[in-house]
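Everything on this sheet refers to the single structure shown next.
The values are calculated or read from the model by the stated rules, or taken from the named source; none is laboratory data. For clarity, every value in this text was computed on a predicted model and none was experimentally measured. A quick note on method: Cβ atoms are made from the backbone with ideal geometry, for glycine too, and the neighbour counts reach across all protein chains shown.
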Amino acid sequence: MTTEFSESKQIMEQLIQVHRSGKIDAGRNIQAGYYRGWGLEYGEMSSIISSLSAYRDALAKARDRGCMLPENKLQNLFIIILFGLESIQGDIIELGSYKGGSAVFMADLVKTFGRSTRVWALDTFAGMPATDPVRDLHNQGDFADTSYEDFKNYSEKMGLDSHLHIVKGNFDQTLDGVIQQAKQFSLAHIDCDIYEAVKYSITGTWPYLANGAYIILDDALQSSCIGALQAAEEELVSARGLRAEQAFPHLVYRKFNQ
Ligand SMILES: C[S@@+](CC[C@H](N)C(=O)[O-])C[C@H]1O[C@@H](n2cnc3c(N)ncnc32)[C@H](O)[C@@H]1O
């Protein structure tokens, strides 16, 4: 990674700096949000990240698993994991893993970066539970074309097992057990698309998020997930008064202790 970093040294140094000492305003590091979001949408960030072998290796594995996330979201996860999580203690939790694409991506990165962070990947692995017919566009049983066993075998084959913990079941049946083992999270990647599940993901993980932890909402700005946006508005904006740190390529919030 050293040679690759030196090629884009200035931007990398700015990223390190802004994540270490950016000013916290209204509960978010908005400067860091601009660096990531604007850099990915209009700047050189995307081509710089794409040139890094750590990114490309993790991306190849995400694609093996049919990852639904476009590259700009994976690139933002890359920046946050490498620079944002540098000084935040706690595991990563993903609520909504489907075939495991984004979970494998994150687990491969923490392994490559030599971190002890674990990635907890939660899903029914049997499709969506009952959805809200008014708020959600998705239906019960969507995303059923996956398999816990297949995902687990892939994780073992790729040597990711000590970093990736795959947990099968509805979140309301599995989250408590994960919390008992993980104790604290530095990042919650919420990718479950529907109102009740996003609401449960936020309220269930909130007390266990570390100071400065990232809450990333994969789908709240998708045209098919207005229920997910409503859950975020209710739980993060109205109930907890948070303001977004980043709105492209996905919504990012932070939890800072008062
Ligand atoms: C869009 S997919 C996740 C995509 C995945 N992150 C990727 O990398 O491709 C959404 C997933 O959320 C899961 N899900 C939604 N509500 C859930 C709940 N209450 N409990 C467990 N899984 C849930 C669905 O089963 C589905 O697999």
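Yes or no: the stretch 168-176 includes at least one residue that is assigned to a loop (DSSP other than H, G, I, E, B) and in contact with a helix residue (DSSP H, G or I) (Cβ under 7 Å, 6 or more places away or on another chain). No, that holds for no residue. Being surrounded by fewer than 20 Cβ atoms within 10 Å (Cβ to Cβ) and more than 22 Å from Gly66 (Cβ to Cβ) holds for only one residue in Asp161, Asp145, Asp172, Asp150, and it is Asp172. Scanning the stretch 90-104 turns up no residue that is closer than 26 Å to Trp206 by Cα and surrounded by fewer than 21 Cβ atoms within 10 Å (Cβ to Cβ). Restricted to the stretch 66-162, the set of helices (runs of 4 or more DSSP H) holding at least 1 residues that are more than 9 Å from the ligand (Cβ to nearest atom), touching a residue at least 60 places away in the same chain (Cβ under 8 Å) and more than 17 Å from Ala213 (Cα to Cα) comprises 71-82, 148-157. Restricting the stretch 183-199 to residues that are away from the ligand (no atom under 15 Å from the Cβ) and part of a loop (DSSP other than H, G, I, E, B), the residue that is surrounded by the fewest Cβ atoms within 10 Å (Cβ to Cβ) is Lys183. Scanning the stretch 20-65 for residues that are on the phi < 0 side of the Ramachandran plot, assigned to a loop (DSSP other than H, G, I, E, B) and small (Gly, Ala, Ser) yields Gly22, Gly43, Ser51.
Pull up the stretch 113-127, narrow it to residues that are hydroxyl-bearing (Ser, Thr, Tyr) and buried (at least 16 other Cβ atoms within 10 Å of the Cβ), then point me to the one that is farthest from Ala182 (Cα to Cα). Of everything passing the filter in the stretch 113-127, Thr124 is farthest from Ala182 (Cα to Cα). The single residue among Ala60, Ala103, Ala54 that is at pLDDT 95 or above and under 24 Å from Asn170 (Cβ atoms) turns out to be Ala103.
Selection of first residues in the stretch 208-236 that are touching a residue at least 24 places away in the same chain (Cβ under 8 Å) and of second residues that are part of a loop (DSSP other than H, G, I, E, B) and of a type in the set (S, T, N, Q), restricted to Cβ pairs under 8 Å at least 6 apart or on distinct chains, gives the following pairs, ordered by first then second residue: Tyr208/Gln184; Leu209/Gln184; Ala210/Gln89; Ala210/Gln184; Asn211/Asn257; Gly227/Thr131; Ala228/Gln222.
Taken as a whole, the condition of being over 20 Å from Gly84 (Cβ atoms) and either at pLDDT below 95 or more than 15 Å from the ligand (Cβ to nearest atom) (or both) applies to Gln180. Sub-6 Å Cβ pairs linking a first residue in the stretch 13-24 that is surrounded by 15 or more Cβ atoms within 10 Å (Cβ to Cβ) to a second residue that is of a type in the set (A, V, I, L, M), at least 6 apart or interchain, are Val18/Ala32; His19/Ala32; Gly22/Ala32, ordered by first then second residue.
Which residues, counting only those in the stretch 36-65, are of a type in the set (Ser, Thr, Tyr) and either crowded, with 19+ Cβ neighbours inside 10 Å or in contact (Cβ under 8 Å) with a residue 12 or more places away in the chain (or both)? Those that are of a type in the set (Ser, Thr, Tyr) and either crowded, with 19+ Cβ neighbours inside 10 Å or in contact (Cβ under 8 Å) with a residue 12 or more places away in the chain (or both): Ser46, Ser50, Ser51, Ser53, Tyr55.
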